[in-house]
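The values are calculated or read from the model by the stated rules, or taken from the named source; none is laboratory data. Predicted model only: the values in this text are computed from it and were never measured. Counting neighbours? That spans all protein chains shown, and the Cβs are built from the backbone with ideal geometry, glycine included.
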Amino acid sequence: MKRIARWARNEWGPLYVAVRGPLVRRRWRAVPMAIGAVCLTAVLQFVQNQSWGYQFVQNVGAVRAEDPLGPALLRTPLSLFVPALDLPVWGALAQILVVFGIAEICLGWWRTLAIAYTATLAGTLYARLGIWLGPDSPIGLPATDAQVVDTGPSAAVVGLAVFLAWRCRAYVTAVAVIAAMVIEVLLKDNLAGKEHLAAIAAVLILCGITEVRHRRRTGRVTAR
């Protein structure tokens, strides 16, 4: 048990320390963006389940690969907060609150949104590329996926989780998240799973860029 506890402290200790202080001092005021994201997602879920609101939400926040690229890009920011109709909304709300909240404390609200948008955009663009490549390609998609709505908040949540795990040096957690998404694709080969992998790939590139910039800054400081 001591060995497990020591591993848990090494894996999640820095993240716990980073999050605990602001939450103790400010409580919910420490994560206003995350709470706003939860409220927006809940409102969109309510509206899209109404006969009068479904088409409105589709028009402003649903992205499909068959859509023209321009309108799709305009809808992509709001698509982060449009939950899937066929999945329990409470799971999506809980994921957004926890992952966006931790990210907001550790990274700041604007970096959190930037990484979430990058992950979602990667999935959106991958869908178009995959359909263009076709089902015969290892990373291709069938033409019918062009009519499937993009993942919604899940790609952003997965991307943020990987970035946070890397940032806090919780490498086992990062590998576990990635492995879970790979298993998802192997067990259920659908568009959402592959978009999650595209989101992870984009975030790993961000991690690499951030690491290179950090080492360059550190090198300059050391040289002085």
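Considering THR144, THR173, THR112, THR124, the condition of being buried (at least 24 other Cβ atoms within 10 Å of the Cβ), polar (S, T, N, Q) and either assigned to a loop (DSSP other than H, G, I, E, B) or out of contact with any Cys (no Cβ under 9 Å at 6 or more places or on another chain) (or both) is satisfied by THR124 alone. So, VAL47, is that one touching a residue at least 12 places away in the same chain (Cβ under 8 Å), on the phi < 0 side of the Ramachandran plot and in a helix (DSSP H, G or I) or not? So VAL47 fails the test. Taking the conditions (1) within 25 Å of LEU87 (Cα to Cα); (2) assigned to a helix (DSSP H, G or I); (3) out of contact with any helix residue (DSSP H, G or I) (no Cβ under 7 Å at 6 or more places or on another chain); (4) not hydroxyl-bearing (Ser, Thr, Tyr) in turn, HIS214 satisfies each one other than (1). The residues in the range 127-141 that are touching a residue at least 24 places away in the same chain (Cβ under 8 Å) and in a helix (DSSP H, G or I) can be counted, and the count is 4. Using the structure shown, decide if PHE81 is aromatic (Phe, Trp, Tyr), out of contact with any strand residue (DSSP E or B) (no Cβ under 9 Å at 6 or more places or on another chain) and in contact (Cβ under 8 Å) with a residue 60 or more places away in the chain. Yes; evaluated as a whole, the condition is true for this residue. Taking the range 41-75 as the range and being among the polar types (S, T, N, Q) and either over 22 Å from LEU164 (Cβ atoms) or in contact with a Cys (Cβ under 6 Å, 6 or more places away or on another chain) (or both) as the test, the residues that pass are GLN45, GLN48, ASN49, GLN50, SER51, GLN55, GLN58, ASN59. Sub-7 Å Cβ pairs linking a first residue in the range 104-119 that is within 17 Å of GLY36 (Cα to Cα) to a second residue that is not in a helix (DSSP H, G or I), at least 6 apart or interchain, are GLU104/VAL31; ILE105/VAL31; ALA116/LEU80; TYR117/LEU80, ordered by first then second residue.
Here VAL57 fulfils each of the conditions (1) aliphatic (A, V, I, L, M); (2) more than 29 Å from LEU15 (Cα to Cα); (3) modelled with pLDDT under 90; (4) surrounded by 16 or more Cβ atoms within 10 Å (Cβ to Cβ) apart from (3).
When you scan the range 212-220, do you find a residue that is modelled with pLDDT of 85 or more and either small (Gly, Ala, Ser) or buried (at least 16 other Cβ atoms within 10 Å of the Cβ) (or both), even just one? Scanning the range 212-220 turns up no residue that is modelled with pLDDT of 85 or more and either small (Gly, Ala, Ser) or buried (at least 16 other Cβ atoms within 10 Å of the Cβ) (or both). Restricting attention to the range 147-170, the residues being over 12 Å from the mean Cα position of the chain (by Cα) and part of a helix (DSSP H, G or I) number 4.
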